[in-house]
Amino acid sequence: MWWFKNVKIVDLETGSTQAKDVLVEGEKILEVSGSLTEEEVQKRARSEVQVIDGTGKYLFPGLIDVHTHLREPGQEEKEEIATGARAALKGGFTTILAMPNTKPVLDNRALVEFVCRQGERAGAAKVYPIGAITKGEEGKELTEMVDLAAGGARAFSDDGREVQNAELLRLAMEYVKLTNLPLISHCEDENLARGGSMHKGEVSARLGLRGIPACAESVMVARDILLAEETGSKLHLAHISAKESVELIRAAKQRGVDVTAEVNPHHLIFTDEAIAESNYNTSYKVNPPLGSAEDRDALLEGILDGTLDMLATDHAPHTWEEKKRPFAEAPFGIAGFETALAAIWTYLVQPGKLPVETLLKAWSLNPAQRFNLQGGSVQPGGIADLVLFDPEHQEEIEADRFISKAQNTPFLGQVLQGFASMVWVNGELRFQRETIGN
């Protein structure tokens, strides 16, 4: 049994935070109450009691990341399922969903089951695969979604490529209803985005880089919302980055469309000016690209008012050799597992821009509910996927301390505050920070 003493528990309904004692027995949370005595704990214990003094720390429900790239199979030089799952655990994530744009693409049951097995073998964060919508992500022929779901897929996406054919996507939305799983849209018009490397605007013109207009995202957001409205399918929109997209999603929700959406930490923190200020640092090259200050403000408003339901890292690991190419030639993506929570805490929670309860809803409760996953709250009877979080702990982000194979992050050299001290999955302690308490 684990006895967490005097930990901060956030009430996700009221937003209040109170010091509580929490008991965990086996895989489940047994009790959440006021201060317990040793005699009371011993009466409930069926195994040796291990005490954690959580004074000054939060006990969070395990974070759930619904948008990650683990690269295996086929690109293990960038990341492996095992290294990604361990890196996620270090970042406070107890469950992660892996996108299908591997080599080969996760478009058949055998590959979906392979990812499930590799995740189990890693013994770190829980790993669930996302199956492809179309075979080879080529946008021509639908996969056998029902079979992929039976093999363990938790959603469907051609992430990295949008399904450009509207009729094919409409058919996919009809078909996916047989699985009762969400369809995740990448939301990018390839004709509008092709050849671009950053947000199209004043900064891209100043830097001499070909830009990607915001409408490359928003026109597809509009299309996919209309298709979901017609079919009644569960639609989830990945990495929203443009203010126009937020407005479209807000209006769709008001009409009752079954749509959810996510935003990445980097789109809430940075703008396209970061590329100029960093002298073309390719760690700021992401897809969709970092937008304007107006876009960033709209995204923050969207997460605060519930238009945007979730936070997701879009963990996209690449090798140093790839990211050292000229900006226009380097691949898109940030390796986000190990810095995302601390970055959000440092840039948004600490300054008072984002309440803690909103963070936990967006990174735990809402993902659990939308994707039918365990966890999401610290409640008696719930699964013991838990994070002991130290809001005061500071670390300088250094490449040689990463668990992930990739270090393509703009936070290198920065001091961030707020890190996971210890992480439990199914009641089992699977991560403990070496510098805990420092």
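Quick notes on this structure:
- Number of positions in segment 175-227 that are of a type in the set (S, T, N, Q) and in contact with a Pro (Cβ under 9 Å, 6 or more places away or on another chain): 2
- Filter result for K200 (surrounded by 19 or more Cβ atoms within 10 Å (Cβ to Cβ), among the basic types (K, R) and under 24 Å from G62 (Cα atoms)): no
- Identity of the residue in segment 36-91, of a type in the set (S, T, N, Q) and in a loop (DSSP other than H, G, I, E, B), that ends up farthest from the chain's Cα centre (by Cα): T37
- Residue in segment 108-125 that is surrounded by 21 or more Cβ atoms within 10 Å (Cβ to Cβ) and closer than 21 Å to N287 by Cβ present: no
- Only one of L308, L299 that is surrounded by 19 or more Cβ atoms within 10 Å (Cβ to Cβ), of a type in the set (A, V, I, L, M, F, W, C) and in a loop (DSSP other than H, G, I, E, B): L308
- Taking segment 217-247 as the range and being over 22 Å from the mean Cα position of the chain (by Cα), part of a helix (DSSP H, G or I) and of a type outside the set (D, E) as the test, the residues that pass are V219, A222, R223, L226, L227, A228, T231.
- Summed over segment 1-35, the residues that are on the phi < 0 side of the Ramachandran plot and outside any loop (DSSP other than H, G, I, E, B) give a count of 23.
- Of the strands (runs of 3 or more DSSP E) entirely within segment 324-438, those holding at least 1 residues that are modelled with pLDDT of 95 or more, touching a His at 6+ places or on another chain (Cβ under 7 Å) and of a type outside the set (G, A, S) occupy 415-425.
- Being within 17 Å of S421 (Cα to Cα), of a type in the set (G, A, S), out of contact with any Phe, Trp or Tyr (no Cβ under 6 Å at 6 or more places or on another chain) and in the same structural domain as G123 (by TED's automatic domain parsing) is a property that G92 has.
Results for (1) free of Cβ contacts under 8 Å to residues at least 40 places away in the same chain; (2) in the same structural domain as D147 (by TED's automatic domain parsing); (3) under 22 Å from N426 (Cβ atoms); (4) of a type in the set (F, W, Y), shown as yes or no for each residue.
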residue: K78; (1), (2), (3), (4): no, yes, no, no
residue: A82; (1), (2), (3), (4): no, yes, yes, no
residue: R86; (1), (2), (3), (4): no, yes, yes, no
residue: A98; (1), (2), (3), (4): yes, yes, yes, no
residue: Y128; (1), (2), (3), (4): no, yes, yes, yes
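- Between A276, A293, the distinction of being closer than 21 Å to S204 by Cα, surrounded by fewer than 23 Cβ atoms within 10 Å (Cβ to Cβ) and either in contact with a Ser or Thr (Cβ under 8 Å, 6 or more places away or on another chain) or modelled with pLDDT under 95 (or both) belongs to A293 only.
- So G152, is it in contact with a Cys (Cβ under 7 Å, 6 or more places away or on another chain), in contact (Cβ under 8 Å) with a residue 40 or more places away in the chain and among the small types (G, A, S): yes
The values are calculated or read from the model by the stated rules, or taken from the named source; none is laboratory data. Keep in mind it's a predicted model, so treat the numbers as computed, not measured. Cβ coordinates were reconstructed from backbone atoms using ideal geometry, including for glycine residues, and neighbour counts include every protein chain displayed.
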